[in-house]
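Undergrad: Starting off with a structure, shown below.
The values are calculated or read from the model by the stated rules, or taken from the named source; none is laboratory data. Just so it is clear, the model here is predicted, and its values are computed rather than measured. Positions of Cβ are generated from backbone atoms using ideal geometry, with glycine treated the same way; all protein chains shown enter the neighbour counts. Side chains are part of the model used for accessible areas, which takes the heavy atoms of the whole protein and leaves out ligands, DNA and RNA. Shrake-Rupley method; radii C 1.70, N 1.55, O 1.52, S 1.80 Å.
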Amino acid sequence: MAKKPISTTTKKTPAKKPSDSKKETAAELAKPPKKTSTAREPSAARPSPKKKDAPVSTRKAADLSTTPPSKEKQASQNKQTAAKPTTVQSAAKVASKSSKKPVPAASQRATPARPSTNAAATTSLTSSKKVTPAPSKSPGLQPTAVATPQSVGKKPSSMATSEKSSILEKSADSSPEGRQPAAGKPGLGAKSEPVPTVKKEAKPRKPTPVEPPPELEAPSQPHSVHVEEPLPADQPALHEEQSPAPGHPSLFIVHITPEMAPVAKVGGLADVVFGLTRELAIRGNHVEIILPKYDNMRYDHIFDLQPDYHDLWVPWYEGQVHCTVYFGKVYDRKCFFIEPHSDDNFFNRGSIYGFKDDVLRYAFFSRAAMEFLWQAGKHPDIIHCHDWQTALAPVYLYEVYQRMGMTHPRACLTIHNFQHQGVTGGELLRATGLHQPERFFDYHRMHDNNHPNALNLLKAGIVYSNFVTTVSPHYAFETKDQGQGFGLEPTLHTHQIKYGGVVNGIDYDVWNPEVDGYIATRYGVDSIDAKYDNKRALRHRLMLADNGKPIVAFIGRLDPQKGLELVRHAIFYALERGAQFVLLGSSHDHGINSDFWGLKGMLNDSEDCHLEIGFDEELSHLIYAGADMMLVPSRFEPCGLTQLISLRYGTVPVVRSVGGLADTVFDKDHSSRPLHERNGYLFENYDQPGLESALGRAIACYFDHPDHFRELMKNAMRCDYSWNIPGRDYLNIYDYIREK
Ligand code: ADP
């Protein structure tokens, strides 16, 4: 085989990701692979009022997988029994509720859990039943959403030895062609959206006296918000729910976000906003999205972009910053882009993150988004924020805008990753107009739990939001009770009644081998042989040998979070076990990137291995379609989209049992789940034997039991990880916290 060029695909500059995490050393990655032994033991609206040329409003700043050798073909000829489709239902449940007003400061340290009268009354969000709010002792700002995640208390799965009967043995006489693949999402045609009440003019900035938030008392008992249960095989699919679910009102929902795919994407957060907002709109809600107007956005995906609100003046330090707000559609999503005209040049820097003043940049953006809502007369039912970047929005809502009369919106915060929290100094208060250090440096408000004299934006978002979600029940449990909260564990405990996990969905309009325009041949669960056309296409593109080996793939940010030592070990282990390996990843960290470039140089002549260092969305589709197994060996993983996408493409995930991976991948050999729901391989321990236990079993199955491997692929493809269920869960949460 001809020697491969060092790079075979077009490279794109990866966007920067904020990271303050510890990096793996070059020495660690460059060291020769440790000799490995074959693993034997599995461890164990309102429509926006057009305000063109609106009068300038002045105010004081203070106002603020060849066919297994032919085994694939053999397998396809084998008659097998249809496996039941695997669907997962998550039902958001909440418990008691005491008030709909803001949720600031609670006694995190001192106040012992108080026996709660309303805690006994558990209410299912799915049923939309409500609990009569308990009278609050405090007349002013009160604790709001009093609900918590159900599966938050779920313990990490362990592989029970009693479950070691092989799915392969049990499913060998199964017939392959059973059902249609899990239905995807409905098409893009949205129903007409309700028009929320329009407030014609921006209200004057007349401060409305609001009493200071009371010291909230800690809830007395944990509650749950999310349970995962298999749905019956004939569970209605999502497209039956394109109008507001019975009992659900149409809501005006505004997402304030630093990222949205495909226009401004760094990680999974961007995909979540893209997918969730569409689902919410399909369900009959009016949804708007507010983003910074970055200079490096994919403008080719924004349609009819034009200035919508020319003169937005945003209080900042002692003055105001003039902004223009643009409106454009991103595949039917209504988006507003805020462009500040200031010397700070906040969003014209060629990349999204990675600047010393990131905290100020996003504090400004959050303020500008809130100011825009106010000035444009928008009073959404729900303001949904994402990560530390926009976690100040709920603070502004309750500390500034409520006082001015914006009393209707309720705030929901989704935390996609606890690693990044926006820890900063007191300068923030001066910039934002939150001029009361003694108030905001309070432990129960914004004071960082670990650093003296520091403020923590993510913590503030938790304290001030009416409901806080993270992206999987297991991660909710890990962050609150397993020391994975990066210091915010006590805060989560204090606010546990309004904290829960909702597993992300993926957009089946984009990630679906039946319609994917980036792959060589489209396929579904009933035409799975066509997947191997994609395997051949992938090999051709990456100059890999066309042999009978399985392809193990890794796609992801080259960040320590993703388990880079294990990725590196997996490359050598897979090659040693007779597999091929493909990696697509990049890092903004030069050290890590150069380590992987070194590894690539070392392996480049191999006809069984290709490392692509860079970000390439298009290639990622072909890898998802062409690979046989997808490796996700993360140290921690809030939800993880790669395994969800892999499942859809029949690419068997081999993952570490953490976070959302534990909630969505069920081990073929060791799971309490029914055989037809098992869809991959898991390992527990973050070490080489752990990784080998899962990857070794996957490769062995591919070679020794191709028919069983094929069945596993079908189980994977039948899973429903669309936005159907999470969309419903979020609506239940919104409905629960909204002002009624
Ligand atoms: P995170 O948000 O931590 O980066 P997720 O698994 O939630 O991880 O989401 C990662 C998303 O980014 C997936 O859609 C994955 O396909 C995509 N992705 C990651 N790295 C790359 C890359 N180098 N090229 C193309 N897509 C990538």
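Undergrad: Averaged per residue, what accessible area in Å² does region 443-524 show with a 1.4 Å probe, protein chains only?
TA: Computed with neighbouring chains in place, this is 25 Å² per residue.
Undergrad: Can you pull the semi-axes for region 371-479, root of five times each eigenvalue of the Cα gyration tensor, sorted largest first, whole Å?
TA: So the three semi-axes of region 371-479 are 22, 20, 10 Å.
Undergrad: Within the P(r) computed for region 581-622, what percentage of the Cα pairs occupies the region above 17 Å?
TA: Percentage above 17 Å: 32.
Undergrad: Moving to a separate point now. With a 10 Å radius around each residue's Cβ, average the other Cβ atoms per peptide and rank 286-296, 436-446, 481-491, highest first.
TA: Most protected by this proxy first, the peptides run 286-296, 481-491, 436-446.
Undergrad: Dipole magnitude of region 253-404 about its Cα centre, charges +1 at Lys/Arg Cβ and -1 at Asp/Glu Cβ only, in debye to the nearest 20?
TA: Dipole of region 253-404, to the nearest 20 debye: 300 debye.
Undergrad: Could you list which residues have their amide H under 5 Å from that of Val321, counting only those 5 or more apart in sequence or on another chain, with H placed in the peptide plane?
TA: Those lying under 5 Å, H to H, from Val321 are Val314, Trp316.
Undergrad: Turning to a different aspect of this structure: Could you report region 565-609's accessible area per residue, 1.4 Å probe, as an integer in Å²?
TA: In whole numbers, region 565-609 has 30 Å² accessible per residue.
Undergrad: Just to be sure I understand the model, the point goes 7 Å from the Cα along the line to the Cβ. What's the resulting Asp704 to Arg298 distance in nm?
TA: About 4.3 nm separates the two model spin labels.
Undergrad: While we're looking at this one, here's another question. Using a 10 Å cut-off on Cβ atoms, rank the peptides 317-327, 602-612, 377-387 from the highest mean neighbour count down.
TA: 377-387, 602-612, 317-327
Undergrad: While we're on this one: Whole number in Å², please: accessible area per residue of region 311-353, 1.4 Å probe, ligands, DNA and RNA not counted.
TA: 35 Å²
Undergrad: Put +1 on the Cβ of each Lys and Arg and -1 on the Cβ of each Asp and Glu in region 282-427; which of Tyr331, Asn296, His420 then has its Cα farthest toward the positive end of the dipole?
TA: It is Tyr331.
Undergrad: Taking amide H positions as placed in the peptide plane 1.01 Å from N, state which residues far from Leu584 in sequence (5 or more) or on other chains have amide H under 5 Å from it.
TA: Phe554, Ile555, Gly556, Glu612
Undergrad: With r as the distance between the Cβ atoms of Glu618 and His451 and R0 = 56 Å, compute the FRET efficiency 1/(1 + (r/R0)^6) and round to 0.05.
TA: According to the calculation, E is roughly 0.85.
Undergrad: Do any of Lys265/Lys329; Lys600/Lys668; Lys265/Lys334; Lys356/Lys600; Lys378/Lys480 go past 24 Å between their Cα atoms, and which?
TA: Beyond 24 Å between Cα atoms: Lys600/Lys668; Lys356/Lys600; Lys378/Lys480.
Undergrad: Where the centre of each part is set by its Cα atoms, how far does region 438-511 sit from region 599-664, in angstrom?
TA: First find each Cα centre; the distance between them is then 28 Å.
Undergrad: Another question, then. Could you tell me the center-to-center distance, by alpha carbons, between region 369-435 and region 549-583 in angstrom?
TA: Taking the Cα centre of region 549-583 as reference, the centre of region 369-435 is 41 Å away.
Undergrad: Give me the one-decimal nm value for the distance between modelled label points at Arg439 and Asp332, 7 Å along each residue's Cα-to-Cβ direction.
TA: With each label placed 7 Å out from Cα toward Cβ, I get 4.3 nm.
Undergrad: Just how many % of Cα pairs in region 413-466 lie over 16 Å apart, if you round to the nearest whole percent?
TA: 36 percent
Undergrad: What FRET efficiency comes out for Asp357 versus Thr324 if R0 is 30 angstrom and r is the Cβ-Cβ distance? Round to the nearest 0.05.
TA: FRET efficiency, Asp357 to Thr324: 0.90.
Undergrad: Still on this structure, please answer the following. Taking 8 Å as the Cα distance limit and 6 or more residues as the minimum spacing, I'd like the relative contact order of region 461-584 as a percentage.
TA: Once divided by the residue count of region 461-584, the mean separation gives 16 percent.
Undergrad: Separate question: Using R₀ = 51 Å, calculate the FRET efficiency as 1/(1 + (r/R₀)^6) where r is the Cβ-Cβ separation of Glu576 and Lys740; round to 0.05.
TA: 0.25
Undergrad: So what is the diffusion coefficient of region 566-708 in µm² per second by Stokes-Einstein at 20 °C and 1.002 mPa s, using a Kirkwood Rh over Cα pairs?
TA: Stokes-Einstein gives a translational diffusion coefficient of 137 µm²/s.
Undergrad: Please list the equivalent ellipsoid semi-axes of region 369-434, computed as the square roots of five times the alpha-carbon gyration tensor eigenvalues, in descending order and whole angstrom.
TA: Working from the Cα gyration tensor, I get semi-axes of 21, 16, 8 Å.
Undergrad: First obtain the Kirkwood hydrodynamic radius of region 668-730 from its Cα pairs, then insert it into the Stokes-Einstein equation at 20 °C and 1.002 mPa s, and state the resulting D in µm² per second as a whole number.
TA: D, rounded to a whole number, is 161 µm²/s.
Undergrad: ³J(HN,Hα) across region 428-433 via Karplus (A = 6.51, B = -1.76, C = 1.60, θ = phi - 60°), whole Hz, x for Gly/Pro?
TA: 3, 5, 5, 5, 8, x
Undergrad: State the percentage of accessible surface on region 355-414 attributable to carbon and sulfur atoms; use a 1.4 Å probe and exclude ligands, DNA and RNA.
TA: The C+S portion of the solvent-accessible surface of region 355-414 is 57 percent.
Undergrad: Based solely on C-alpha atoms, express the radius of gyration and the Dmax of region 449-494 in angstrom.
TA: 10.7, 32
Undergrad: Here's another thing I want to ask about it. Determine ³J(HN,Hα), in whole Hz, for all residues of region 511-528 in sequence, where each value follows from phi through the Karplus function 6.51 cos²θ - 1.76 cosθ + 1.60 and θ = phi - 60°; x replaces Gly and Pro.
TA: Using θ = phi - 60°, the values come out as 9, 8, x, 7, 10, 5, x, 8, 9, 5, 9, 7, 7, x, 5, 8, 9, 5 Hz.
Undergrad: Per residue, how much space in cubic angstrom lies within the convex hull of the C-alpha atoms of region 500-639?
TA: With only Cα atoms used, region 500-639 gives 124 Å³ per residue.
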